[in-house]
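Take a look at the structure below.
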Amino acid sequence: MRTIAVMSPKGGIGKTTTADSIAYILGEEHEKKVLILDGDPQGDTSKTFGCYETEETGMSRLLEYHVCAGGEWHTPELIWPTKYPHIDMLPANGYLVRTDLNLMISQEENQITRLKKALAEVSEKYDYCICDCGRLFDMVVINILIASELIIAPVKVGGYENEAINSLCEQVTDLQEINPELKIKGILTMRQKNKTSLEFEEYLKTVSGLEMFETPIRRSIMAEKATIAMTALPAFSKSGIVTQDYRSVVQELLEEMEV
């Protein structure tokens, strides 16, 4: 199972849309067996795939009460099926805030490797695990990044957004001492065909030092409409320009990870 985290410290740049679209296209269009992991207390990905509930659920139980942490739960017991035949889910909600606190004060050696150990139970069942991370670099996200081999980092035009990505890269460098296989790759989102946007894209690809996907994600109102409908973008707008962009990104991803 190839584990990919989608993360950015900035909000409103298409992080969850990116995670959901990649997971959907891998599963429903390429027929890969996909596990989606919701690592954001907002639970938006859980809502998109119809797996949200207000009670303590999937990710919190996995990180706090899995057998590897002395609890009673095994990973398969916490995975929800979705309405899509190739996609399953580990959902999350606001309880993740409490989970982060409990992990932070834990003195156990495995407080940052619990997720990696728990996912090992299902590594043969799935081709990909796509993780939608929260914006904070907290204990839940650290668990996700320790278990991942690639971070996809959405970034849109803007100085603050660029600084946020630079900060994320510095934090990833520290984590690579624990997980040397971890890489980061940027993806330009909400790209418009104007001089500022094109110049920023060129900067990212040639000067920034951040490895980038060749395909930028164009700006489209259909992405916002899909979030209102709480539906994965490629299911909501099968032939839209942004869906086409994400298909190209997934093709790049497959060529990189399945050589």
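Key figures for this structure:
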| read-out | value |
| --- | --- |
| Simple spin-label estimate for Glu53 and Cys169 in nanometres, 7 Å along Cα-Cβ | 4.3 nm |
| Cα-Cα P(r), segment 1-129, percent of pairs per 10 Å interval | 13, 44, 36, 7, 0 |
| Theoretical FRET efficiency, 1/(1+(r/R0)^6), r = Cβ-Cβ of Glu177 and Glu77, R0 25 Å, to 0.05 | 0.15 |
| Estimated 222 nm signal from helices in the chain, with DSSP H stretches of n ≥ 4 weighted -39500 (n - 2.57), rounded to 500 | -12000 deg cm²/dmol |
| Among 99-105, 34-40, the order from most to least packed when residues are scored by Cβ within 10 Å on average | 34-40, 99-105 |
| For Asp40, net neighbour charge (Lys/Arg +1, Asp/Glu -1) across residues whose Cβ lies under 13 Å away | -3 |
| P(r), alpha carbons of the chain - 5 Å bins starting at zero, rounded % | 1, 6, 14, 19, 20, 17, 12, 7, 3, 1, 0, 0 |
| DSSP-loop GluC sites (Glu not before Pro) across segment 133-190, with at most 10 other Cβ within 10 angstrom | Glu177, Glu181 |
| Neighbour-count ranking [beta-carbon atoms within 10 angstrom, fewest first] of Ile241, Ile13 | Ile241, Ile13 |
| Contour minus Cα-Cα distance for Ile105 and Ile221 (0.36 nm per residue) | 37.5 nm |
| Ranked Val155, Val122, criterion: other C-beta atoms within 10 Å, fewest first | Val122, Val155 |
| Between segment 163-195 and segment 22-43, the Cα center-to-center distance that results, in Å | 20 Å |
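Rule-based calculations on the coordinates, nothing more; no lab input. Computed from a predicted model, the values in this text were never measured in an experiment. For neighbour counting, all protein chains shown are included, and Cβ atoms are generated from backbone atoms with ideal geometry for every residue, glycine included.
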